[in-house]
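Report on the structure given below.
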Number of protein chains: 2
Amino acid sequence: MSERIQHAGLRQRLMSAKEAATLIGPGMTVAMSGFTGAGYPKAVPQALAERMEEAQAVGETFRVKVLTGASTAPELDGVLAQARGMELRLPYQSDPALRERINAGELNYIDIHLSHVAQHTWFGFFGKIDVAVIEVVGILEDGRLIPSSSVGNNKTWLEQADKIILEVNHWQPAALEGMHDIYYGTALPPSRKPIPLIRPEDRIGEPYLRCPLEKIVAIVETNAPDRNSPFSPPDVASRQIAGHLLDFFEHEIRHGRLTPRLLPLQSGVGNITNAVLAGLAEGGYRDLTAFTEVIQDGMIQLLKQGVLRMASATSFSLSPEGIEEFKANLDFYRERIVLRPQEISNHPELIRRLGCIAMNGMIEADIYGNVNSTHIAGSRIMNGIGGSGDFARNAYLSVFMSPSTVKDGKVSAIVPMVSHVDHTEHDTMVVVTEQGLADLRGLAPKQRAREIINKCAHPAYRPLLQEYFERACRESYGRHTPHLLTEALSWHQRFIETGTMMPPR
Amino acid sequence: MSERIQHAGLRQRLMSAKEAATLIGPGMTVAMSGFTGAGYPKAVPQALAERMEEAQAVGETFRVKVLTGASTAPELDGVLAQARGMELRLPYQSDPALRERINAGELNYIDIHLSHVAQHTWFGFFGKIDVAVIEVVGILEDGRLIPSSSVGNNKTWLEQADKIILEVNHWQPAALEGMHDIYYGTALPPSRKPIPLIRPEDRIGEPYLRCPLEKIVAIVETNAPDRNSPFSPPDVASRQIAGHLLDFFEHEIRHGRLTPRLLPLQSGVGNITNAVLAGLAEGGYRDLTAFTEVIQDGMIQLLKQGVLRMASATSFSLSPEGIEEFKANLDFYRERIVLRPQEISNHPELIRRLGCIAMNGMIEADIYGNVNSTHIAGSRIMNGIGGSGDFARNAYLSVFMSPSTVKDGKVSAIVPMVSHVDHTEHDTMVVVTEQGLADLRGLAPKQRAREIINKCAHPAYRPLLQEYFERACRESYGRHTPHLLTEALSWHQRFIETGTMMPPR
């Protein structure tokens, strides 16, 4: 069983998840591995949640602060949320139970750029890390760790935590060894140096995580799968959005602003992205690269087809079918995939240098190009900003995508004023819906408004937006960015009151 | 007269500003030097404005697109605005006449991060540059140019423009020669390399601007001063803001998060900044550095006192008294000041690497830490975002400062929801008013709200903010970032309607 633990001394620290969980006490700051449903600890959080429920059953409070790479899965965020065991959570989450608790106001959630998490920890902005709980594939004879299916902030957690609990997950393929590139050249200012990465495939670090062995207080063996959503084929709207974006790429190639090799691709996860990736294959693109956060199913397929030459990321986010394909051809993929710490995958220096094409989903955009990625009606958090800010601000092209309406047409993704801003008018270059693509580059606010309304709004909402904009152009306090403040957020208020943004006829 | 033009052939292209201005025609894109009231062309824009007025007197339209480094002065933005001669202006302005035209909706103004301007020009996002009009100090025998009191985007304008008009300004000291560092290592992706600057004082380029001589169509000699506002001593509120910030620095030093050398300082221009700089001198700081956009009076004084060891910027912004001091001791200052292109002074890669302390003014912040730097009541542009986004997103510390009220207490700088977002909740670490300092690091939205309301709001508005926040915590749609959308912008609407944010008693 413990052939994955080559260091003889460390075998002595093997214990059950239940025993390991006793090393975590109320009020502690616990840093965990995990980025999307990959590489998160699968046993200790559940044992910890059980302890919390037992404590609460006898009237005690048992809550901890939880830091991760990004979202995780039911076995981590889900169980701790259900146990009401988190007083603080950062930086990104997507668990339904956790989201409900956050929006009930029961815990503090800090939504922070993914590239900021490691450095803010180093800066001391989050206080001391008491315990790190990190999933790994194995432990070498000298104590170095083979990272798992996500890297996230693990390097920082291992360095910054007082104590370390490792989960060695036998479900993860041993052949992941060698796929990772852990960069050890970071420093605190004023001692920082240029990061020597100039192509997405460059390896600038080591395949293993260093680990101060004296800090390891427990090792738990597991055999449990990563969990991500099943792959569903792109729907009509996703394929239309992808079509507009692919037409735009061809337009840019014709005008000499892109070559057929494009530039390193970054994309979020989901149907729209998978449709864009599928479209790249159909469009005959070859030898592309990705410099992104997560490897999703679409990228695996493109690697197989040679459309993608290689992909750099910090994590996988594969469906069960995608995992099967990946495991069956791991030697092929290991040559073509590099997993890095998220402070590198999302580093502004590198995104700007490489000139990424950043493609991210959104909740809504307003007529001036401000984008809301995080809040429903200005107050309810969905998931978080993730890395979209790292990429959008620094990319060669920043693209935001959404169907023009959701909830059966009751909610428009194009609104007079967004109810929360995550990406400002200064950062949005392209907005795409199934209706069309708005190219905002080189446009002033009122020009952007006409472009977005005409190209992206759903026909059911377009006349309402036109009417708002025209009236604002006449009646606004200032006419640089015309707005009517008594109406700017009225669509969201109507949605709260009536369940739809559409006014009564 | 023309000893400043060492290249014999180029002397043949000397002409009057009036003649040079005939080389600029309606509809052209004209890129000009200038960053704050320094280094902008002083004669050709005025001659151009006269041509425009003549054309308009006979019923012709004569407008051009104007790109600069940042704001300029009455002889450029002022005269062109009064002549109604701009159809487009970017990236930053502060001229009252121009602002009035923009807010009347008469021209397109694109407010863009200062670090983005050069690269978006290279990317082709603004189309072709027809003419560049660049002020220089002199021309070497081989045709290289001695840059003037600002560098801004001049390297890019010279490279990208079809034709070049030079203004050789004899008022600028010849001794500026050698103070500049023009980096020629930029490239388009995918060919970009790390920028080899690791300390603010590093020189990574050349002291001269290269210039393709065949593109020079006119050289105009001038003898006219740069224009910036006179220096006024800090008022009480500015000194209080500075005091809170300096206390915070000491607090950070005590907790080991800063050393007494601090980190490279970036600051906007104005009273508050000058008060902070004066406070650093009084606090006994020595050997500090600045990595910033502009050298203002306060920095000159700190250099003289040895509080600042050196300063890197892209421009001067000195009062007439500051210019006198600078000119009188130019050899001293040339050893301690480096002027760079704004794509370098504001580069995210460098700001992040150096770990700057970014201190910028703001129009307003909301209770959750979103900052509005640009718009009054959501629609009237003031100046623009400038470089505040480049610095705030990438800094070690991002600080935003304002008096808690303006307009004799009629306007609160702390509001329920900002009417425009330039810096998101994800990017604001510290908010300071004369009331106090809110440290938002590691805080979730509701924690931030309590901190900002208690520390920063003016006592006249504090109870109103508390009441809004408490009611929002009870009644909001979601309770992660509680808001009441029917009231969130009501303070701004009240200001528009009644001239004050304060409700009637």
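Go through the residues of segment A:269-280 one by one and say whether even a single one is under 23 Å from B:Arg352 (Cβ atoms) and within 15 Å of the chain's Cα centre (by Cα). No: zero hits.
Filtered by the rule that a residue be more than 14 Å from chain A (Cβ to nearest Cβ) and assigned to a loop (DSSP other than H, G, I, E, B), segment B:167-192 gives B:His170, B:Trp171, B:Gln172, B:Pro173, B:Glu177, B:Gly178, B:Met179, B:Asp181, B:Tyr184. Residues that are part of a helix (DSSP H, G or I) and hydrophobic (A, V, I, L, M, F, W, C) within segment B:417-468 comprise B:Ala449, B:Ile452, B:Ile453, B:Cys456, B:Leu464, B:Leu465, listed in sequence order.
Any chance segment A:439-449 includes a residue that's more than 29 Å from B:Val66 (Cα to Cα) and at pLDDT 95 or above? Within segment A:439-449 (the criterion being more than 29 Å from B:Val66 (Cα to Cα) and at pLDDT 95 or above), the answer is no, since none of the residues qualifies. Selection of segment A:263-296 for residues being within 14 Å of chain B (Cβ to nearest Cβ) and crowded, with 20+ Cβ neighbours inside 10 Å yields A:Leu263, A:Pro264, A:Leu265, A:Gln266, A:Leu288, A:Thr289, A:Ala290, A:Phe291. List the number of the failed condition for A:Ala457; all other conditions in (1) surrounded by 24 or more Cβ atoms within 10 Å (Cβ to Cβ); (2) within 9 Å of another protein chain (Cβ to nearest Cβ); (3) free of Cβ contacts under 8 Å to residues at least 60 places away in the same chain; (4) not basic (Lys, Arg) hold. The one condition A:Ala457 does not meet is (2). Within segment B:268-286, residues that are aliphatic (A, V, I, L, M) reach partners that are surrounded by fewer than 23 Cβ atoms within 10 Å (Cβ to Cβ) and part of a loop (DSSP other than H, G, I, E, B) with beta carbons closer than 7 Å, at six or more positions or on different chains, in the pairs B:Ala275/B:Pro234; B:Ala278/B:Pro234; B:Leu280/B:Val307; B:Ala281/B:Val307.
When A:Thr68 is tested against the conditions (1) under 22 Å from A:Ile376 (Cα atoms); (2) of a type outside the set (Gly, Ala, Ser); (3) within 18 Å of the chain's Cα centre (by Cα), the lone failure is (1).
Out of the residues in segment B:469-502 that are among the aromatic types (Phe, Trp, Tyr) and touching a helix residue (DSSP H, G or I) at 6+ places or on another chain (Cβ under 9 Å), state the one that is nearest to A:Ile496 (Cα to Cα). If we take residues in segment B:469-502 being among the aromatic types (Phe, Trp, Tyr) and touching a helix residue (DSSP H, G or I) at 6+ places or on another chain (Cβ under 9 Å), then B:Tyr477 is nearest to A:Ile496 (Cα to Cα). Residues in segment A:45-61: is at least one closer than 30 Å to B:Cys473 by Cα, in a loop (DSSP other than H, G, I, E, B) and touching a residue at least 12 places away in the same chain (Cβ under 8 Å)? The answer is yes, given that some residue of segment A:45-61 is closer than 30 Å to B:Cys473 by Cα, in a loop (DSSP other than H, G, I, E, B) and touching a residue at least 12 places away in the same chain (Cβ under 8 Å). May I ask you to list the residues in segment A:101-135 that are touching a strand residue (DSSP E or B) at 6+ places or on another chain (Cβ under 8 Å), under 18 Å from B:Asp427 (Cβ atoms), at the interface with chain B (Cβ under 9 Å from one of its Cβ atoms) and outside any loop (DSSP other than H, G, I, E, B)? Of everything in segment A:101-135, just one residue is touching a strand residue (DSSP E or B) at 6+ places or on another chain (Cβ under 8 Å), under 18 Å from B:Asp427 (Cβ atoms), at the interface with chain B (Cβ under 9 Å from one of its Cβ atoms) and outside any loop (DSSP other than H, G, I, E, B), namely A:Tyr109.
The set of residues from segment B:228-279 being small (Gly, Ala, Ser) and in contact with an Asp or Glu (Cβ under 7 Å, 6 or more places away or on another chain) comprises just one member, B:Ala237. A count restricted to segment B:120-162 and to residues that are free of Cβ contacts under 8 Å to residues at least 12 places away in the same chain and aromatic (Phe, Trp, Tyr) stands at 1. Confirm whether A:Pro225 is surrounded by fewer than 18 Cβ atoms within 10 Å (Cβ to Cβ), farther than 19 Å from A:Ser115 by Cβ, away from chain B (no Cβ under 14 Å) and of a type outside the set (A, V, I, L, M, F, W, C). The answer is yes for A:Pro225. Being crowded, with 19+ Cβ neighbours inside 10 Å, more than 24 Å from B:His113 (Cα to Cα) and out of contact with any strand residue (DSSP E or B) (no Cβ under 6 Å at 6 or more places or on another chain) is the filter here; which residues of segment B:53-74 pass it? Matches in segment B:53-74: B:Phe62 only. Checked against the criterion of being surrounded by fewer than 18 Cβ atoms within 10 Å (Cβ to Cβ) and in a loop (DSSP other than H, G, I, E, B), the candidates A:Ile195, A:Ile204 yield just one match: A:Ile204.
Restricting the first member to segment B:419-440 and to residues that are more than 10 Å from every other protein chain (Cβ to nearest Cβ) and closer than 20 Å to B:Ile376 by Cα, and the second to residues that are in a strand (DSSP E or B) and of a type in the set (Phe, Trp, Tyr), the beta-carbon pairs closer than 7 Å and six or more apart or on different chains are B:Thr428/B:Phe400; B:Val431/B:Phe400. Of everything in segment B:398-416 that is outside any loop (DSSP other than H, G, I, E, B) and over 18 Å from the mean Cα position of the chain (by Cα), the residue that is surrounded by the fewest Cβ atoms within 10 Å (Cβ to Cβ) is B:Val406.
Selection of segment A:465-495 for residues being crowded, with 23+ Cβ neighbours inside 10 Å, under 15 Å from B:Ala488 (Cα atoms) and either among the charged types (D, E, K, R) or more than 8 Å from chain B (Cβ to nearest Cβ) (or both) yields only A:Trp491. Output yes when any residue across segment B:207-223 is in a loop (DSSP other than H, G, I, E, B) and within 30 Å of B:Gly361 (Cα to Cα), and no when none is. Looking for residues that are in a loop (DSSP other than H, G, I, E, B) and within 30 Å of B:Gly361 (Cα to Cα), one finds none in segment B:207-223, hence no. Scanning segment A:21-36 turns up no residue that is buried (at least 20 other Cβ atoms within 10 Å of the Cβ), touching a strand residue (DSSP E or B) at 6+ places or on another chain (Cβ under 6 Å) and in a helix (DSSP H, G or I).
Go through B:Val137, B:Val117 for me and flag whichever is of a type outside the set (D, E, K, R), surrounded by 24 or more Cβ atoms within 10 Å (Cβ to Cβ) and modelled with pLDDT of 95 or more. Just a single option satisfies the conditions, and that option is B:Val117.
The values are calculated or read from the model by the stated rules, or taken from the named source; none is laboratory data. If you're wondering where the values come from, they're calculated on a predicted model, not measured in any experiment. Note that we place each Cβ from the backbone using ideal geometry, even for glycine, and neighbour counts take in every protein chain shown.
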